[in-house]
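Enquirer: Please find one structure pasted underneath; my questions will follow.
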Amino acid sequence: MRYTAKLKVKPKSVKDITNGYPLISKDAIENDEEKIEEGSLVQLVDSSNNYIATGYYGIQNKGIGWVLSRKEKEKIDQTFFAKRVREAVEKRAKFYATEDTTAFRVFNGAGDGIGGLTIEFFAGFYVVNWYSEGIYSFREEIYQALNDTADPRGVYEKLRFDKNGQYVDQDDYVSGEKGEFPLIVSENGMSYAVDLNDGAMSGIFLDQRNVRKALRDRYSEGKTVLNTFSYTGAFSVSAALGGATETTSVDLAKRSLPKTIEQFAVNGIDYESQDIKVMNVFDYFRYAERHALKFDVVVLDPPSFARTKKKTFSTSKDYTKLVKNTLKITSDGGLIVASTNTASFNMKKFKTFIDKAFKEMNKRYEIVEEHQLPEDFTVPHNFPEFNYLKVVFIKVLN
Ligand code: SAH
């Protein structure tokens, strides 16, 4: 039996939890100084000791755990995990059945009833992401549930809970068939090379699926496309497949060059006719401005926070400036695809950063398309703050 601790919820937070808020945040708890072991089950009670919910203890960012059940009698056991995993798999029936898309998210943390856990599908293989030691203590039950319901070809895992909440470098293979990497997955008919055993990231961010499709289907034909913070060049590939006359991919990570070449190659695109630059995006902006380069489409997808030798960038502080710099190298009538996955501000706030940039540059714009998380990234009902992805397609008017 697991040790069960009682956590007293502060009066101001009781309503959130009873309304379905799944995160147990440190400042919602009265007796948060109590020493509790990771993976303990916790019973949330109000100040009169009335039952509110059952959860597990696991430190992750601002949270100290996640709610698992709101039924006092429900046991957190193999049956519980099997049910949650089965429901999540069933919810993605459409994705499993779609032949031209073979990569998607099967389990999205709190949106599927277990915070701190995500599972992704890549052409038969599964990658399980564990975000705290607490949730990892349930691995046997969860792997059992996955094996029983999804019949994986092979399973890989990412442990994302070192001291700074970062990825723990290890061999990520868990069970089943060992993948041969790069593994090629399809996404709406496009091919992407992934490696499930090569550090924290696989080579593609699945939450941008609909954005890649939109870029290919509606905005690339006959256009020049600049893809900043390009990582493996996934957006460049969709633009090229959509008929872009030329793509330019800019990322400062050295690995982005071979990885981007690989993504073009698996799609039968001659990478030599594309431009791939390993450099700081901010230096590239200066270079492009000096050479009076203009692009029809610019994709902006910076990390929430990045530190380089010269400076730090944070989306909440610097996005306006980023858009202003982009405007200098975007053609009139062109398009800016502005994206961020920062959870600390919402879509409305994000749009104020963009609006400010256009005002300060004396330019008008029209938002032609918006995206947030796709369907397989289930978000807890009524809590839009878990829908962290914000993408706005902005047409630049003269
Ligand atoms: N848009 C990508 C994902 C971007 S991940 C996609 O859809 O696949 C963020 C990337 O930004 C990382 O590859 C990182 O190397 C890069 N990066 C961070 N700071 C940078 C900077 N100042 N200049 C260029 N690239 C940067």
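Enquirer: Criterion first (more than 16 Å from the ligand (Cβ to nearest atom) and under 21 Å from the mean Cα position of the chain (by Cα)) does residue 161 satisfy it?
Expert: Answer is yes for this residue.
Enquirer: Residues to consider are 264, 285, 305, 295; find the one that is of a type outside the set (Gly, Ala, Ser), more than 9 Å from the ligand (Cβ to nearest atom) and modelled with pLDDT under 95.
Expert: Selected residue: 305, the only one of 264, 285, 305, 295 that is of a type outside the set (Gly, Ala, Ser), more than 9 Å from the ligand (Cβ to nearest atom) and modelled with pLDDT under 95.
Enquirer: Can you name every residue in segment 294-338 that is more than 22 Å from the chain's Cα centre (by Cα) and open to solvent by 60 Å² or more (accessible area, probe 1.4 Å)?
Expert: Matches in segment 294-338: 294, 309, 310, 311, 321, 328, 332.
Enquirer: Please enumerate the residues belonging to segment 201-249 that are open to solvent by 20 Å² or more (accessible area, probe 1.4 Å) and either modelled with pLDDT under 95 or on the phi > 0 side of the Ramachandran plot (or both).
Expert: Listed by number, the residues that qualify are 222, 229, 231, 243.
Enquirer: Among the residues of segment 91-112, what is the count of those that are open to solvent by less than 20 Å² (accessible area, probe 1.4 Å) and under 15 Å from residue 149 (Cβ atoms)?
Expert: Count: 4.
Enquirer: Can I ask one more? Please count how many residues of segment 364-398 are out of contact with any Phe, Trp or Tyr (no Cβ under 8 Å at 6 or more places or on another chain), among the charged types (D, E, K, R) and open to solvent by less than 60 Å² (accessible area, probe 1.4 Å).
Expert: Total satisfying the criteria: 0.
Enquirer: Residues of segment 125-168 being acidic (Asp, Glu) and exposed (fewer than 15 other Cβ atoms within 10 Å of the Cβ), which ones?
Expert: Answer for segment 125-168, where residues must be acidic (Asp, Glu) and exposed (fewer than 15 other Cβ atoms within 10 Å of the Cβ): 140, 148, 151, 162.
Enquirer: Follow-up. Take residue 195 and tell me if it is touching a Pro at 6+ places or on another chain (Cβ under 6 Å) and within 25 Å of residue 105 (Cα to Cα). Walk me through it before giving the result.
Expert: Details: touching a Pro at 6+ places or on another chain (Cβ under 6 Å): yes; within 25 Å of residue 105 (Cα to Cα): yes.
For residue 195, the condition - touching a Pro at 6+ places or on another chain (Cβ under 6 Å) and within 25 Å of residue 105 (Cα to Cα) - is met.
Enquirer: Further, regarding this structure: Kindly indicate whether any position in segment 167-185 is within 21 Å of residue 372 (Cα to Cα) and more than 10 Å from the ligand (Cβ to nearest atom).
Expert: Scanning segment 167-185 turns up no residue that is within 21 Å of residue 372 (Cα to Cα) and more than 10 Å from the ligand (Cβ to nearest atom).
Enquirer: For segment 227-259, name all the residues that are away from the ligand (no atom under 12 Å from the Cβ), within 30 Å of residue 308 (Cα to Cα), of a type outside the set (S, T, N, Q) and touching a residue at least 12 places away in the same chain (Cβ under 8 Å).
Expert: 240, 246
Enquirer: Let me ask something else about it. What pairs can you find where one residue is in segment 87-102 and without any contact (Cβ under 8 Å) to a residue 60 or more places away in the chain and assigned by TED's automatic domain parsing to the domain that holds residue 120, the other is assigned to a loop (DSSP other than H, G, I, E, B) and of a type in the set (Lys, Arg), and their Cβ atoms are less than 7 Å apart, with a gap of 6+ or different chains?
Expert: Correct list of pairs: empty, since none qualify.
Enquirer: Under 9 Å by Cβ, and 6 or more places apart or on different chains, what pairs join a residue from segment 5-25 that is more than 19 Å from residue 59 (Cβ to Cβ) with one that is basic (Lys, Arg)?
Expert: Every condition considered, the pairs that remain are 18/70; 20/70.
Enquirer: So which of 35, 73 ends up being open to solvent by 80 Å² or more (accessible area, probe 1.4 Å), at pLDDT below 95 and not in a strand (DSSP E or B)?
Expert: Just one listed residue meets the conditions, 35.
Enquirer: I would also like to ask the following. Are any residues in segment 270-282 more than 10 Å from the ligand (Cβ to nearest atom) and crowded, with 20+ Cβ neighbours inside 10 Å, and if so, which ones?
Expert: 271, 274, 276, listed by residue number.
Enquirer: Here's a follow-up. Which is under 13 Å from residue 391 (Cα atoms) and among the hydroxyl-bearing types (Ser, Thr, Tyr), of 352, 320, 340, 330?
Expert: From the options 352, 320, 340, 330, the qualifying one is 340.
Enquirer: All but one of (1) farther than 27 Å from residue 61 by Cβ; (2) in contact with a Phe, Trp or Tyr (Cβ under 9 Å, 6 or more places away or on another chain) hold for residue 350, so report the exception by its number.
Expert: Of (1) farther than 27 Å from residue 61 by Cβ; (2) in contact with a Phe, Trp or Tyr (Cβ under 9 Å, 6 or more places away or on another chain), only one is false for residue 350: (1).
Enquirer: Could you figure out which of (1) farther than 17 Å from residue 201 by Cα; (2) out of contact with any Pro (no Cβ under 6 Å at 6 or more places or on another chain); (3) assigned to a loop (DSSP other than H, G, I, E, B) isn't true of residue 90?
Expert: Condition not satisfied by residue 90: (3).
The values are calculated or read from the model by the stated rules, or taken from the named source; none is laboratory data. As the structure is a prediction and not an experimental result, all values here were calculated from the model. Cβ coordinates were reconstructed from backbone atoms using ideal geometry, including for glycine residues, and neighbour counts include every protein chain displayed. Remember, those area values only see protein heavy atoms, side chains included, never the ligands or the DNA or RNA. Shrake-Rupley method; radii C 1.70, N 1.55, O 1.52, S 1.80 Å.
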